[in-house]
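These notes concern the structure reproduced below.
The values are calculated or read from the model by the stated rules, or taken from the named source; none is laboratory data. The shown structure was predicted, so the numbers you read here are calculated from the model rather than taken from an experiment. Glycine gets a Cβ as well: all are built from the backbone with ideal geometry, and neighbour counts include every protein chain shown. Just so you know, the surface numbers come from the protein's heavy atoms only, side chains and all, with ligands and any DNA or RNA stripped out. Shrake-Rupley method; radii C 1.70, N 1.55, O 1.52, S 1.80 Å.
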Amino acid sequence: MKVPVSWLSEYCDPGLSSAQLRDVLAMSGTEVERVSRFGIPAENGNSGMFKVGRVLSVEKHPDADRLSVCRVWLSESDERTIVCGAPNVAVEQTVMVALPGAVLPDGTKLGRATLRGVASDGMILSETEIALGDDAGGIIELPGALEPGSEAASHVPLGDDVLEFEITPNRPDCLAVYGVARELHAATGSPLAAEPGDADAVAAGKGKADDLLTVTVADHSLCPRFSTRVFTDVEVGPSPLWLRQRLLAAGQRPISNVVDITNYVMLLIGQPMHAFDLDRVAEATLHVRAAKEGERLVTLDGETRLFDSDAVLVCDGDGPAGIGGIMGGATSEVSERTVRVAMEAATWNGTNILQTSKKLALRSEASNRFEKQLHPELALQAQRVAARLMVEVCGAKMVPGTIDVAGEIAPVPRITLRSQRVDGLLGERIEPEQSREILERLGFSVESTGADLVVVVPYFRAVDVTREADLIEEVARIHGLDKLPATLPSRRYAIGGLSSQQRLRRGAEDLLRGQGLCEVVSFSFIAPDAVDGLRLARDDQRRRVLHLANPLSEDQSAMRTTLLPGLLEVARRNLARDITSLRLFESGRVFLSNGPDKLPDERVALGALLAGDYLPRTWRSPARQPDLYSAKALLGALLEQLGVEWMLADGGPAFLHPGRAAQILAAGHECGYVGELHPLVGRAFGLAELERPPAVFELDLTEILETAVEATRYKDLITLPAVYQDIAVVVEEAVEAQTVIECVRSGGGPELRSVEVFDLYRGEQLEPGKKSVALRLEFRSAERTLTDEDAAALRERIKKELADELGAALREGPRG
């Protein structure tokens, strides 16, 4: 919502600068997004460079057919020669002149110029040059009574500061200049001008409105009120400069005086209106009803709209003439030939307007207000404001009577405000008289009943303020939220907290941060073909892509099924900026489609990517590139913290390098992958410049956390010395090293404290199909110092367990 400061000051003027107005309103809860400038810049006395002048003579340029040489009088001692290209310049015209040194709205600074050999000392201005319209072909002609030499800014709006508001959906009353003025009045105590529409226009037309037009409403739940006034002898033409300037500064394009009046009223008090050319309304009848399935209408923007039965239409005798609350139709549009106007101000069902607007992909300034639910009382106020403007600006005559078709209007709420409750919620004593003063400045009616107040909510806040807590919020924000004491809630009443799985997830994220990884947050939305770059198999569940019905763009029209594309995109962007050491992780949801009309499977995933220089290069050693083992070490630390029993199995998805990938198993279920990215996938995602493909892993945290152990596990600290032995176990090629480790642990018993693989041998010293896995064993007892003989006995138990379970044998003797 854009509000010109000069327009706002007409209703409430605390004498503050635009920046101060921004701060005051922001602190009271009406957020100002920015302050901008419309029209000519205000710095360095620029407005004084625009003067009123009178054309004394106009002669054809001696060397240009389309130029005129004008002599312009600015004062008794100041006559200037100005070359002008406008075809409508004439003697005795009163015009606006920009002097050399003036700065125009587009930033151009004027200087003395020579045009085809004739010196020009200024510029006679058109609408375009001062941002008051798009008519560049003719100059602005001012009223002849204006004094030459006076500042044009005193008579014509040349520039204005504009406050751009970010209005919350519960405050449609602030989508209006007067609504913002009311907020400014409440925040500063400065006088507030009378509400627009307190006086009506004089009905000077002939006959009665309901004799010229018939209005019916089929369902008041969709249209609570539909009011219409009729005007005759309407003169359609351009709006006056002051009206055009206000509309342009507020972001609206002037069209014609009748249409501009509807937009002006909407911006002033927040009620959208629509003007019908009464002579083009078939059978002089307007009927509001639900649309029939498949009905069509050409709207004012020239588009043909197709409706379902949920839309609400305004129809004349020939069919649809407008979409209720959203946009009018072209059939009864006001034009230069219009002489009779039916001015409509209606109230619509906000939920229906919102749904219809989404279905049609058609949002307008009107729908933006109606979808927030306006009160029916506002429609009649708008009629009064519009009627005075129609008479003053268009020379129209208002026909007596208002056609007002309305359903039952709910009474405004009456709420008791207890002072004790105010103090309890705010934590500070607010005197009842202070609360009363604040609420009355906001437009509420207040009666005192002892220490409490009985508050009548005004119609323009009836939807927003419905309970005592809402009133307390109003008091607090105007009193000043920054003035309230800052206190922590009592633990006695504390509720909620993190669940066990939430704590485990945060612990996992903290561990990765502690290992030096940077957390990234990528979009959950992806391009529908993003998974194709991963070379996934047809039956891979990551191909179950969920497509959005109303996407922001084609590149964000599907939901991610894995975190990997987001991590690869972040890596690509960093590499493009010469950041070569990448240690990234992301924790977030992935979505697997279950088909149309079914909710998807949502899973929490945790992924990491290691790429580039894992350790910095030095003159002594080359940089270490991350690989499968780097990712596995990080994965192991993570799963160990979570207390998950896990193992790796050969394989992995197709986007990982064959032979450098593994599946992660926990509790017998597949729950993720770890490995190095396939070079073709890295190339597809723009990572070809890396010396080695990134190492990645991804965990299904939803699966993992079901078996995770939250309690911190402690081990007794043993100070007695350990005995170390190395063994080499010969097993079949198909037996995994993890299986060998588990078997060794089983045979070693509690004295076997750790088992580590340190070598793998395949060669001619072994039978075909065999391999030798070298293990380092640590034996330690909490009760006594173990001897070599004790360790040898434990080793024999391990040897027997390997033979019985795996058919394995030890190679010659201990290796250490």
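Order Arg753, Arg603, Arg542, most accessible first, counting only protein heavy atoms with a 1.4 angstrom probe.
Largest accessible area first, the residues go Arg753, Arg603, Arg542.
Sort 81-92, 759-770 by packing, meaning the average of other beta carbons within 10 Å per residue, with the highest value first.
So the order, starting with the most tightly packed, is 81-92, 759-770.
Give the long-range amide H neighbours of Glu295: residues separated by 5 or more places, or on another chain, with amide H under 5 Å away, using H modelled in the peptide plane at 1.01 Å from N.
Phe307
Under the rule a/c < 1.5 gives rounded, and otherwise a/b versus b/c splits prolate from oblate, where does the stretch 396-546 land using the Cα gyration tensor?
Since a/c reaches 1.5 but b/c is at least a/b, the shape of the stretch 396-546 is classed as oblate.
Heavy-atom accessible area per residue, the stretch 405-508, 1.4 Å probe: how many Å²?
60
Rounded to the nearest 10 degrees, what's the angle between the helix 432-441 long axis and the longest principal axis of the chain, both from Cα atoms, 0 to 90?
It is inclined by approximately 60 degrees.
Over the Cα atoms of the stretch 180-274, what radius of gyration and what Dmax do you get, in Å?
Here Rg and the maximum Cα pair distance are 16.9, 49 Å.
Give the cross-link partners of Lys771 among the aspartates and glutamates, using a straight C-alpha distance below 19 Å as the criterion and excluding same-chain residues fewer than 8 apart.
Asp650, Asp726, Glu732, Glu733, Glu736, Glu742, Glu756, Asp759, Glu801, Asp804, Glu805, Glu812
Give the aspartates and glutamates whose C-alpha is closer than 12 Å to that of Lys372, dropping any in the same chain fewer than 8 places away, or say none.
Reachable aspartates and glutamates: Asp173, Asp464.
Given a Förster radius of 30 Å and the C-beta distance between Asp597 and Glu293 as r, what FRET efficiency does 1/(1 + (r/R0)^6) yield to the nearest 0.05?
Calculated value: 0.90.
Mind checking the per residue accessible area of the stretch 701-816 for me, 1.4 Å probe, whole number of Å²?
About 62 Å² of surface per residue is accessible.
Sum up the charges of everything whose Cβ sits under 14 Å from the Cβ of Gly322, counting Lys and Arg as +1 and Asp and Glu as -1, but leave Gly322 out.
Counting the neighbours of Gly322, the net charge comes to -4.
Once you list every other residue whose beta carbon is under 15 Å from the beta carbon of Gly652, what net charge do they have if Lys and Arg are +1 and Asp and Glu are -1?
Net of charged neighbours comes to -4.
Taking θ as phi - 60°, what are the ³J(HN,Hα) couplings along the stretch 721-731 by the Karplus curve (6.51, -1.76, 1.60), each to the nearest whole Hz, with x for Gly and Pro?
x, 9, 10, 10, 9, 10, 10, 10, 9, 9, 9
According to a simple spin-label model (label point 7 Å from Cα along Cα-to-Cβ), what is the distance in nm between Ala649 and Ala282?
Result: 7.0 nm between the two label points.
Name the long-range amide H neighbours of Trp348: under 5 Å, sequence gap of 5 or more, or other chain; modelled H, no Pro or chain starts.
Under 5 Å from the amide H of Trp348 lie the amide H atoms of Leu374, each far enough along the sequence or on another chain.
HN-Hα J couplings of the stretch 780-797 from phi, Karplus 6.51/-1.76/1.60, θ = phi - 60°, integer Hz, Gly and Pro as x?
In residue order, the calculated couplings are 7, 10, 7, 9, 8, 7, 6, 9, 4, 5, 4, 5, 5, 5, 5, 5, 5, 4 Hz.
Taking the alpha-carbon centroid of each part, what is the distance from the stretch 648-714 to the stretch 583-601 in angstrom?
That distance is 17 Å.
Carbon and sulfur atoms: what percent of the 1.4 Å accessible area of the stretch 1-59 do they account for?
Using a 1.4 Å probe with all protein chains present, the stretch 1-59 comes out at 46 percent carbon and sulfur.
Taking a 26 Å limit on the Cα-Cα distance, which of the listed pairs Lys2/Lys358; Lys2/Lys292; Lys770/Lys799 fall beyond it?
Pairs exceeding the cut-off: Lys2/Lys292.
Enumerate the amide H contacts of Cys315 below 5 Å, restricted to partners 5 or more residues apart or on another chain; note that Pro and chain-start residues carry no placed amide H.
Correct list: His287, Val288, Arg289, Ala321.
Tell me, in nm to one decimal, what length is gained between Thr702 and Leu488 on full extension, where the rule is 0.36 nm per residue of separation less the Cα-Cα distance?
Difference between extended and current length: 73.7 nm.
Please give the per residue accessible area of the stretch 203-298, computed with a probe of 1.4 Å over protein heavy atoms only, in Å².
Result: 39 Å² of accessible area for each residue.
Which option, (1) 31.3; (2) 34.5; (3) 30.1, is the value of Kirkwood radius over Cα pairs in Å that was calculated from these coordinates?
Here the calculated entry is (2).
Can you return the aspartates and glutamates within cross-link range of Lys397? Criterion is Cα-Cα under 18 Å, with same-chain partners fewer than 8 residues away left out.
Asp200, Asp210, Asp211, Asp233, Glu235, Asp260, Asp277, Asp279, Glu336, Glu344
Within the stretch 308-395, report the trypsin sites (Lys or Arg not before Pro) that DSSP leaves as loop and that have at most 12 other Cβ atoms within 10 Å.
Listed in order of number, the matching sites are Arg337.
How large is ³J(HN,Hα) for each residue in the stretch 242-247, as worked out from phi by the Karplus curve 6.51 cos²θ - 1.76 cosθ + 1.60 (θ = phi - 60°), to whole Hz, x for Gly and Pro?
4, 6, 5, 4, 5, 5
Using only DSSP helix segments of four residues or longer, with each worth -39500 (n - 2.57), what per-residue ellipticity at 222 nm results for the chain after dividing by its residue count and rounding to 500?
Roughly -7500 deg cm²/dmol at 222 nm, from the helical runs in the chain.
Report in % the part of the accessible area of the stretch 375-465 that belongs to carbon and sulfur, leaving out ligands and nucleic acids; probe 1.4 Å.
48
Using alpha-carbon positions, what is the distance between the centroids of the stretch 147-224 and the stretch 396-438, in Å?
20
To the nearest 10 Å², what's Ser77's accessible area with a 1.4 Å probe?
Ignoring ligands and nucleic acids, Ser77 comes out at about 110 Å².
Separation of the stretch 265-303 and the stretch 324-351 by C-alpha centroid, Å?
The stretch 265-303 and the stretch 324-351 have Cα centres separated by 4 Å.
Express the carbon and sulfur contribution to the solvent-accessible surface of the stretch 147-191 as a percent, rounded to the nearest whole number, probe 1.4 angstrom.
Within the stretch 147-191, the accessible surface is 47 percent carbon and sulfur.
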